[in-house]
Structures are given as C-alpha cells and as structure tokens.
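Following: one structure in structure tokens, then a few remarks.
The values are calculated or read from the model by the stated rules, or taken from the named source; none is laboratory data. Remember, predicted model here, so these are calculated numbers, not experimental data. Positions of Cβ are generated from backbone atoms using ideal geometry, with glycine treated the same way; all protein chains shown enter the neighbour counts.
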Amino acid sequence: MIPRAQVYFMSSNHSSPRILVTGATGMLGLHYLMHGIEKGLIMRGLFRSRHSLEKAKRLLHLYDKDDYFEQIEWVKGDVTDIFGLEEALKDVDVVIHAAALVSFAGHARQALLDINFQGTANMVNAALDAGIKYFLHISSVAALDGQGKIDEKAIWTPSAPHTYYGISKHLAEMEVWRGMEEGLPAGIINPSIIIGPPATITKRWTNGFGRTLSDLERGRIPFYTEGTTGYVDVDDVVEIGFRMLEQRVTNERFVVSAENKSFREILELLAHELGRKPPQRRIGRNLLVGFARAANTLAALTFRPKPYDLEAVEALFSNTFYDNTKVRKRFHYEFIPIEQSIRTLVRHYRKSQD
C-alpha cells in the first residue's frame, strides 16, 4: 500500500504556476521537470519510492544537472491511489500526466489497465476536484487506429487488432475526453517511439528505446524485421507539450512524430554510431510469430506468465506511417532529425558507461 502523499517543498518561487508531473522519475517525466526548471517554472514531481528517486538522480547526473534535484518539489504518491492524490495536487495549477506503464509482455494486461487506464481516470477525477487550470495528457500513437498515414482524425476500431498497451492508452484517452466534457481544460499529445536516455539505477539500459541500443551493442539483435513506424526525440515531445501548456490548447490532440523509418534503418543508424555491424538477416513473420506462440503455450503449460503480446509481435511487420502536419503547422515547429537524436543518444550512452 502506497502511503498518502508526502510533499517535500524545496522551491520558494511562487510567482509562476506550479506544475505537477506524474511519472516524474521516468525518462519523459524527468525531461519535463528539467525543461520546466530551465523555463523558471515551479515543478513538482510525483514519485513512488526512494528507489525511483535514485533513478532520477542518475539521469540528472547524466545531463550534469545534479542541482536540479533540490529544485523539484518531490511528492510521494501513486496514480492508482486516488486518496493520496489530493495532497499531491494541493496548490497545483497544471498537471502533466506522463505516468504510464509501457510493456508488450503477454502477462502485463492487468497492470497496463490498472496504471494507464485506471490511473488516468484517477488523475482526471482528482484534477476536476482540485480545479486544475490545465491538464496535459501524454498518450501514444498506440492509441490511434487507421490505415496508411495516420493523423489526429484516426478513428479507433474496436474489432481491429491492438496491443494490450494500445488498448490501455486508448481507454486512458477516453477518460481525458470525458474529463473535458465535465469541464477540465485539457489537451492530448500522441508521441511515437521516443528516443532519449532512460531513467535507470544501473549502467545497463534495460527499458525504452535505450534497451534497443544496449541490446544491439551486446550483439543481442541478430535479425531485423521489415516493419516501419514513427520516431521522435524526447526534447521534441517536451517542447510541444510546453507550447500546448503556454497556449492552453484544449479539446485537441496532436500526433508528435518526427520521421517514419523502418526498423532496419533504425538498427543501421544505431550500429553506425556504435561502431558495430548492423543485423544482416531478415526474420520472417511466420517464424517469429510462431516462436512467440510456442513460448506462450509453454508458459501456460508450466503455469508461468505469458511472455509475449502477440499483437505486439505482429506490429514488428506492420508498415505504419504517422502524419505530423497538424503539429508542424499549428506551432510552426521543426523536429529534430532522427539521425541527430540517435547521435545524441549514443553520446549519452557512452557517458553513462564511464
């Protein structure tokens, strides 16, 4: 059981709006906190445990911004515990809801629903009760649906195949739209795969896009698939979020994706920056899906959690393209080129290994 929120006030500047960031010790949430401090804003971060605070300290150290830790108001709580959110939202003007579980494991379905769906419902309800002036929800392109180039007009088709993660993020969005109907000023952004250094307690990068980099360097990605999807730099996701906040953009969402690239192209870019040889062999859909099915069956027979979400495996062979026209025109925005994002990421990775 997570105790009721405990707030550790460390900022004395009360002339700016106070912003609460959920998921504050994760990669995206912590980047919002860093950028907010640099903009002179009062930033409050929701964290679950002292262990997660150590992750935040390590990522701040990677950016040579150790002093930022003391400038953040850290509040202990959990989006799944609605009773602890009241204190976390005390004197808060804006919420950036970045807390989410990203998992494509077959056994993670309930956890995804608890954190992404119910956690967002809790945040929306608490924000309505607290009279929050603006609520920015960080969703995902996984919550969108459609064929060809996908944009903000994409309509969710319940009968179409979806990952458990995508379902949980779609349901979370529905809670935010419900909050808007009840008077909550809110906006939504749908990032594609985010490129940035993960928040981790060890030198090994084991989550997010950073895991792909780490696995490739260790020779653990021998194959590539033919699929295509969108990618975006973490700094772009944060900057667009702040522009929405500054302009109080409500009742809208934006696809936030810099470029569409094949998985093979991404692996080649990473390998080039790492000085490694990229995977040369293509793996077929039937072989990989067959392996995942067999692994799930074996897990079921031995009473272990299923390791794979089969729809996530299928997605590795899908060619999905995301249209960023709306966000570029609305904010006159130019995205960071993905090649540059990968160069920056590898530089951070090398530094993290020292």
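Residues are listed down the side, and each one gets a yes or a no for (1) out of contact with any Pro (no Cβ under 6 Å at 6 or more places or on another chain); (2) within 30 Å of Gln353 (Cα to Cα); (3) aromatic (Phe, Trp, Tyr); (4) modelled with pLDDT under 95:
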| position | (1), (2), (3), (4) |
| --- | --- |
| Asn125 | yes, no, no, no |
| Leu136 | yes, no, no, no |
| Lys149 | yes, no, no, yes |
| Glu175 | yes, no, no, no |
| Arg178 | yes, no, no, no |
| Ala186 | yes, no, no, no |
| Pro197 | yes, yes, no, no |
| Thr202 | yes, yes, no, yes |
Do any helices (runs of 4 or more DSSP H) entirely within region 89-202 hold 1 or more residues that are out of contact with any Leu (no Cβ under 9 Å at 6 or more places or on another chain) and of a type in the set (A, V, I, L, M), and if so, which? 164-181
Gln340 is checked against (1) crowded, with 16+ Cβ neighbours inside 10 Å; (2) farther than 28 Å from Trp177 by Cβ; (3) not charged (D, E, K, R) and fails just one. What number does that condition carry? (1)
Filter the helices (runs of 4 or more DSSP H) completely within region 233-341 down to those with at least 3 residues that are of a type outside the set (A, V, I, L, M, F, W, C). 234-247, 263-274, 285-301, 325-331
Before we move on, is Leu298 of a type in the set (A, V, I, L, M), surrounded by fewer than 18 Cβ atoms within 10 Å (Cβ to Cβ) and in contact (Cβ under 8 Å) with a residue 60 or more places away in the chain? no
All but one of (1) under 30 Å from Arg343 (Cα atoms); (2) part of a helix (DSSP H, G or I); (3) aliphatic (A, V, I, L, M); (4) more than 21 Å from the chain's Cα centre (by Cα) hold for Leu213; which doesn't? (4)
Criterion first (closer than 25 Å to Gly36 by Cβ, in contact with a Lys or Arg (Cβ under 6 Å, 6 or more places away or on another chain) and hydroxyl-bearing (Ser, Thr, Tyr)) does Ser192 satisfy it? no
How many residues are under 12 Å from Glu217 (Cβ atoms) and either polar (S, T, N, Q) or crowded, with 19+ Cβ neighbours inside 10 Å (or both) if we restrict to region 259-272? 2
From the list Arg243, Arg253, exactly one residue is at pLDDT 95 or above, under 21 Å from Asp151 (Cα atoms) and surrounded by fewer than 19 Cβ atoms within 10 Å (Cβ to Cβ). Which is it? Arg243
Leading residue by the ranking (surrounded by the fewest Cβ atoms within 10 Å (Cβ to Cβ)) among those in region 111-149 that are more than 16 Å from Asn324 (Cα to Cα) and among the small types (Gly, Ala, Ser): Gly131
In region 56-93, how many are modelled with pLDDT under 95, among the hydrophobic types (A, V, I, L, M, F, W, C) and more than 21 Å from Leu136 (Cβ to Cβ)? 1
